[in-house]
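> Here it is, the structure, as structure tokens.
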Amino acid sequence: MQHVRNYGSFLQAYALKTTLESFGHQCEFVDIEQGVPLPGLERNMRYLVGMAFKRYFNWSTVKTLLPRRKYTKIYQKRFDNEFLPELGINKHTFEKYDLVVIGSDEVFNFNQHTSYGFTPQLYGDVRNAKKVISYAGSFGTTTIDVIDKFGVRDRLVAAMSKLTAISVRDTNSLSVVKDLLHKDPSFNIDPVLMFDYHKYAKDPKEKDYIVVYSYPNRIKGKDEINAIRSFAKIKGKKLISICFYFPWCDETVIPHPFEVLGYMKNADYIITDTFHGCVMSIKFNKKFAALVRESNLQKMNSLLDQFGLSERACHDITQIGAIVDRDIDYNPVNDLLKKEHIKSIDYLKSNL
């Protein structure tokens, strides 16, 4: 997923690549092979127009179209010209590989309108590799029921049977692999949690702020916005949105990925509805609230449950102030992170 303009995608890709290189190996990214879109998941003109209308032209956001487009263009330009080249996504030295690692993020999730469609390569059928494993892969919203609905069970089994070792990062993915292959995969933490990012985090100049970490047009309900603004006002903090423009936030910033880590590290509170927003909150031991939605239900609940932080999930927006301001005992969380770090490194080294 290294071509995605997304801070979480950048940070997990950088972390996994750098970890593999630290073991003394040459490492580069393999591009996703073009597959065939499954029925109903085509990325056709109707879908693209619908998405554009939903994101930019609905009545609730039409007044903020120009500033949102302005920040979106800056965001896309920085990723294309600075961040992605720094990641090394276009470096292709080899035609064949001793080992290909599939992961991390939603590499197993075909239940979405991607440009590459359904491709067996993402599940282990990598023709130019001597050996293939996965690391902390996720099926996202793809459940066993979805797999059977699209009739691809046999194709997944055939591809994933070629994996020498399978590692997933959430409970849904764990159950899917068990159902498909009748064996237990390894359960490992996301590379951003595995990797020591503390020394990379660049501190921002801002102080006394709450980070809002979300995607375009996701936090849009009046109740959600009013509850977040009310909490910020009570605490005397300004609201800073990272990368996406929300007119109700005091400031929007589009920093380098390592500066994002700094914003998270130094925030007084974090409000997020993304997986990696929660990951960074946990990593830097922050007070945070997770807005759980249908699109992220599987992976968010799994992450929070794993670290005993299920009470950070906000299902009732009127409770967001109480949730985000509640103290967290991070001692058991950090102890578990240390154990999971060792477990992850051992998994990778044993399969190299």
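The values are calculated or read from the model by the stated rules, or taken from the named source; none is laboratory data. Fair warning: this is a prediction, and the values are worked out from it, not measured in the lab. A quick note on method: Cβ atoms are made from the backbone with ideal geometry, for glycine too, and the neighbour counts reach across all protein chains shown. Side chains included, ligands, DNA and RNA excluded: accessible areas come from the protein's heavy atoms. Shrake-Rupley method; radii C 1.70, N 1.55, O 1.52, S 1.80 Å.
> Go over the candidates H276, H341 one by one and state the one that is at pLDDT 95 or above, over 17 Å from K207 (Cα atoms) and touching a Ser or Thr at 6+ places or on another chain (Cβ under 9 Å).
Working: H341 fails: touching a Ser or Thr at 6+ places or on another chain (Cβ under 9 Å).
Answer to the check: H276.
> Suppose we filter V192, V152 for residues that are at pLDDT 95 or above and buried (at least 24 other Cβ atoms within 10 Å of the Cβ); which single one remains?
On the way: V152 fails: buried (at least 24 other Cβ atoms within 10 Å of the Cβ).
Only one candidate qualifies: V192.
> Look through K96, K77, K63, K91 and report the one residue that is modelled with pLDDT of 90 or more and either open to solvent by less than 20 Å² (accessible area, probe 1.4 Å) or closer than 25 Å to N217 by Cβ (or both).
Numbers: K96 fails: either open to solvent by less than 20 Å² (accessible area, probe 1.4 Å) or closer than 25 Å to N217 by Cβ (or both); K63 fails: modelled with pLDDT of 90 or more; K91 fails: either open to solvent by less than 20 Å² (accessible area, probe 1.4 Å) or closer than 25 Å to N217 by Cβ (or both).
Result: K77 is the single residue among K96, K77, K63, K91 that is modelled with pLDDT of 90 or more and either open to solvent by less than 20 Å² (accessible area, probe 1.4 Å) or closer than 25 Å to N217 by Cβ (or both).
> Okay, next question. Do we find that I328 is modelled with pLDDT under 95 and open to solvent by 20 Å² or more (accessible area, probe 1.4 Å) in this structure?
Values: modelled with pLDDT under 95: no; open to solvent by 20 Å² or more (accessible area, probe 1.4 Å): yes.
Answer is no for this residue.
> Among the hydrophobic types (A, V, I, L, M, F, W, C) and either within 30 Å of K73 (Cβ to Cβ) or free of Cβ contacts under 8 Å to residues at least 12 places away in the same chain (or both): does that describe F231? Give the steps one after another, and end with the answer.
Details: among the hydrophobic types (A, V, I, L, M, F, W, C): yes; either within 30 Å of K73 (Cβ to Cβ) or free of Cβ contacts under 8 Å to residues at least 12 places away in the same chain (or both): no.
Taking the combined requirement at face value, the residue does not satisfy it.
> Please go through (1) in contact (Cβ under 8 Å) with a residue 40 or more places away in the chain; (2) out of contact with any strand residue (DSSP E or B) (no Cβ under 8 Å at 6 or more places or on another chain); (3) among the hydrophobic types (A, V, I, L, M, F, W, C) for I271 and return the number of the only condition it doesn't satisfy.
Going through the list (1) in contact (Cβ under 8 Å) with a residue 40 or more places away in the chain; (2) out of contact with any strand residue (DSSP E or B) (no Cβ under 8 Å at 6 or more places or on another chain); (3) among the hydrophobic types (A, V, I, L, M, F, W, C), I271 breaks only (2).
> Tell me which residues, restricted to the stretch 209-224, are at pLDDT 95 or above and either of a type outside the set (S, T, Y) or surrounded by fewer than 16 Cβ atoms within 10 Å (Cβ to Cβ) (or both).
I210, V211, V212 - these are the residues of the stretch 209-224 that are at pLDDT 95 or above and either of a type outside the set (S, T, Y) or surrounded by fewer than 16 Cβ atoms within 10 Å (Cβ to Cβ) (or both).
> Follow-up. Within the stretch 25-41, restricting attention to residues that are assigned to a loop (DSSP other than H, G, I, E, B) and open to solvent by 70 Å² or more (accessible area, probe 1.4 Å), which residue is nearest to G117 (Cα to Cα)? Write out each step before concluding.
Taking the stretch 25-41 first, the residues assigned to a loop (DSSP other than H, G, I, E, B) are 25-35, 37-41.
Narrowing the set further to residues that are open to solvent by 70 Å² or more (accessible area, probe 1.4 Å) leaves 25-26, 34, 39.
Details: H25: 31, Q26: 29, Q34: 7, P39: 10 Å.
Looking at residues that are assigned to a loop (DSSP other than H, G, I, E, B) and open to solvent by 70 Å² or more (accessible area, probe 1.4 Å), I get Q34.
> Taking the stretch 270-304 as the search range and keeping residues that are open to solvent by 10 Å² or more (accessible area, probe 1.4 Å) and among the charged types (D, E, K, R), which one is nearest to the chain's Cα centre (by Cα)?
Across the stretch 270-304, the extreme among qualifying residues is K299.
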